[in-house]
1. Summing +1 for each Lys or Arg and -1 for each Asp or Glu, what net charge is found among the other residues whose Cβ lies under 11 Å from the Cβ of V203?
2. Report the charge-dipole magnitude of the chain in Debye, nearest 20, computed about the Cα centre from +1 at each Lys and Arg Cβ and -1 at each Asp and Glu Cβ.
3. Quick one: Debye curve from the alpha-carbon atoms of the stretch 298-358 only, equal weights, vacuum; give me log10 I(q)/I(0) at q = 0.21 Å⁻¹ to two decimals.
4. Using just the Cα positions, wrap the stretch 1-144 in a convex hull and report its mean projected area in square nanometres, one decimal place.
5. If Lys and Arg each add +1 and Asp and Glu each add -1, what is the summed charge of the other residues whose beta carbon sits under 14 Å from the beta carbon of V222?
6. Leaving out ligands, DNA and RNA but keeping every protein chain, what accessible area does I351 have, in Å² rounded to the nearest 10, with a 1.4 Å probe?
7. If you count the DSSP beta bridges with both ends in the stretch 253-405, what percent of them are antiparallel, to the nearest 5?
8. For the stretch 76-177, just the Cα set please: Rg and Dmax, both in angstrom.
Amino acid sequence: METTEKLIERPFYFERLWAQVDVPVIKVLTGVRRCGKSTLLTQLAKRLRAEKLVAKIVELNLESDDGLRIRRADDLADYLREAAPDKKERTYFFLDEVQHVPGWEDVVNALRVSWDADIYLTGSNSTVLSGDLATNLAGRYVSMRVRPFTFRESAELYREKGLSPDELFRLYLEFGGYPVLKFYDFDRENSLDYLRGVYDSAVRRDVVEHNAVRDVDAFDRVLSFAFGNIGHTFSANSISRFLKSEHRAVSVDTVLNYLRFIEEAFLVDRVARFDVRGKEVLRAGEKYYAADLGLRTMLGFSNSADIDQALENIVYSELVARGYEVYVGSVPQDGESAREVDFVARKDGQISYYQVCYLLAGTETVEREFGALEAIGDNYPKFVLSMDPLDRSRNGIIHRNLVDWLMG
């Protein structure tokens, strides 16, 4: 179990999860490895024991010593029957990294049908929601995506260090939001070694093994390209051409499969483009953002050198963590090329727009960032986020210091 995340609360996730207790659906927590899924289940079990004194709780991590011995559905079923022999007794089942057992869906369905059960699952690959769970249990499960720490959560984690928000942000920009890094006290070598372990585990187990990838070198190159080009528009064709220039022939179909695999492992998010004028999602012009910037540093990229893209990545992750549905915006212009808005965020029927840049350093930059938002004809809130300390708001468009916004 991941225990270090207990150092701070994650109310956005925990309260949503607690609200589902005893609701007759299966609860599924997904997300990249080591982002805190197991800890949320541990915290939930602790609260259940405190508030439901007679509750029976069965916890099984399929990557623990006991769990490693269970790799068949029959063995999983036998284990759970022994752990909860009385099917009429209210039992809370916590199954961690359940995707390691082929056919686990049938076992979970049997728990749902035959036991007085409240069932919680975690998985590090989105295919945990496919197969029988999606087809046979439609309407009988809810899913929740868990992510690495936001900047505000990380700042809380390191509060006793006595660092300023700007100092903490520089560390977050380089190392990302994995909470275990707290124990390395910002030592670069040890921090990157830990992130390399997280990455290798996610790639090996959740991609290479799960999808039986044969050409691991080609896959690594595709993944590296995606991490290196966060915030840029690219296609499978462009990646295939790039690899060909490096004397690695990889078909477009294979590139598409590899991109899908890394997205399913929650290593990256694919963000669709949204036509601001037509209020519709477009099929082309998607972008990718990394699950965590620390993984990008570990792969050899500099988030400081690619500061505009890195800041975009942070804002994207923050908006999603705040519960928004996020798109890349496109603003059509009569007789001109469409303007791009970094993010269109939707929640509860409301829309807000965001432009992100490092500094509003000159007139051209100011006009580019504010002009894209001024070209939008509606009255929804519009924001420009940058590292500038002074408020540059104009024409109803709100300018915020990025660090202040993240801490708000």
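1. Result for the local shell: 0.
2. On the way: 54 positive and 66 negative charges, 125 e Å.
In debye, rounded to 20, the chain gives about 600.
3. -0.87
4. On the way: hull surface 32.2 nm².
The orientation-averaged projected area of the Cα hull of the stretch 1-144 comes to 8.1 nm².
5. Working: positive: R214, R221, R241, K244, R248, R260, R270; negative: D215, D217, D220, E246, D253, E263, E264.
Local net charge: 0.
6. Here the residue's solvent-accessible area equals roughly 20 Å².
7. Details: 20 of 31 bridges.
Given both bridge residues lie in the stretch 253-405, the antiparallel proportion sits at roughly 65 percent.
8. 19.6, 55
The values are calculated or read from the model by the stated rules, or taken from the named source; none is laboratory data. Since we're looking at a predicted model, the values are computed, not measured. For neighbour counting, all protein chains shown are included, and Cβ atoms are generated from backbone atoms with ideal geometry for every residue, glycine included. Side chains included, ligands, DNA and RNA excluded: accessible areas come from the protein's heavy atoms. Shrake-Rupley method; radii C 1.70, N 1.55, O 1.52, S 1.80 Å.
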